[in-house]
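Peer 1: Quick one: the structure is below, questions incoming.
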Amino acid sequence: MPALGLTDHRLLTGAVEFVHACQKADIQPILGLEILLDTRKVSLLSTNTEGWSNLCRLSSAHTLQEDPNPPKTWGLLASRSKDLIALSDQQGESAAKRLKTLKDIFGNRLYLTLQAPSIASHTAWVSR
């Protein structure tokens, strides 16, 4: 495989070891971070060095907060979204609002992941 991704939750502790292992195997590493927004997971993937820098800042900010405040988290995410791709499985209550906010932040760099095929048509309709 030409590339392999690692998405750490809140911290980026596995990144250095992962990059070294990928380099040894001649595989392009894709670095990511999983964060919680309003109790829903969002995975962020770096597209370049500036994206990696934004992942580091987001990880540090989340680590330093004892009790992450969702409004601050959304604002911080918006300010650090450059050169990041977002993967989200937003569903349940308030999904439409969260998807719209993520779409406003990431534009065409937002992708939905599906956990259950039965929700695919509803999620596609909500995200337009």
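Peer 1: Would you check which residues across segment 20-34 are crowded, with 16+ Cβ neighbours inside 10 Å and in contact with a strand residue (DSSP E or B) (Cβ under 6 Å, 6 or more places away or on another chain) and list them? If you could, list the steps in order and put the result at the bottom.
Peer 2: Step one: of segment 20-34, the residues crowded, with 16+ Cβ neighbours inside 10 Å are 22, 29-33.
Matches in segment 20-34: CYS22, ILE30, LEU31, GLY32, LEU33.
Peer 1: Quick one: ALA86 ticks every box in (1) closer than 22 Å to GLY5 by Cα; (2) at pLDDT 80 or above; (3) out of contact with any Phe, Trp or Tyr (no Cβ under 6 Å at 6 or more places or on another chain) except a single one, so which number is it?
Peer 2: (3)
Peer 1: While we're on this one: Looking at segment 3-16, which of its residues are in a helix (DSSP H, G or I) and either over 15 Å from TRP52 (Cβ atoms) or touching a residue at least 12 places away in the same chain (Cβ under 8 Å) (or both)?
Peer 2: Of the residues in segment 3-16, the ones in a helix (DSSP H, G or I) are 15-16.
Answer for segment 3-16, where residues must be in a helix (DSSP H, G or I) and either over 15 Å from TRP52 (Cβ atoms) or touching a residue at least 12 places away in the same chain (Cβ under 8 Å) (or both): just ALA15.
Peer 1: Tell me which residues, restricted to segment 19-57, are farther than 22 Å from MET1 by Cα and among the basic types (Lys, Arg).
Peer 2: Of everything in segment 19-57, those that are farther than 22 Å from MET1 by Cα and among the basic types (Lys, Arg) turn out to be ARG40, LYS41, ARG57.
For every residue, the table says whether it meets (1) at pLDDT below 95; (2) surrounded by fewer than 14 Cβ atoms within 10 Å (Cβ to Cβ); (3) touching a His at 6+ places or on another chain (Cβ under 9 Å); (4) among the β-branched types (Val, Ile, Thr).
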site	(1), (2), (3), (4)
MET1	yes, yes, no, no
GLY5	yes, no, no, no
ASP8	yes, no, no, no
LEU12	yes, no, no, no
ALA15	yes, no, no, no
THR39	yes, yes, no, yes
SER46	no, no, no, no
GLU50	no, yes, no, no
SER53	no, no, no, no
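Peer 1: Do we find a residue being part of a helix (DSSP H, G or I) and closer than 21 Å to THR113 by Cβ anywhere in segment 23-46?
Peer 2: no
Peer 1: Scanning segment 89-103 for residues that are touching a strand residue (DSSP E or B) at 6+ places or on another chain (Cβ under 7 Å) and under 14 Å from LEU36 (Cβ atoms), which turns out modelled with the highest pLDDT?
Peer 2: If we filter segment 89-103 for residues that are touching a strand residue (DSSP E or B) at 6+ places or on another chain (Cβ under 7 Å), which is where we start, we get 89-90, 98, 102-103.
With under 14 Å from LEU36 (Cβ atoms) added as a condition, the list becomes 89-90, 98, 102.
Details: ASP89: 80, GLN90: 68, ARG98: 86, LEU102: 92.
Only one residue tops the list, namely LEU102.
Peer 1: Something else now. I need a count of the residues in segment 55-75 that are under 14 Å from ARG10 (Cα atoms) and either at pLDDT 70 or above or touching a Phe, Trp or Tyr at 6+ places or on another chain (Cβ under 9 Å) (or both).
Peer 2: Total satisfying the criteria: 12.
The values are calculated or read from the model by the stated rules, or taken from the named source; none is laboratory data. Given the structure is predicted, the values throughout are model-derived calculations rather than measurements. Here the Cβ is made from the backbone with ideal geometry for all residues, glycine too, and neighbour counts use every protein chain on show.
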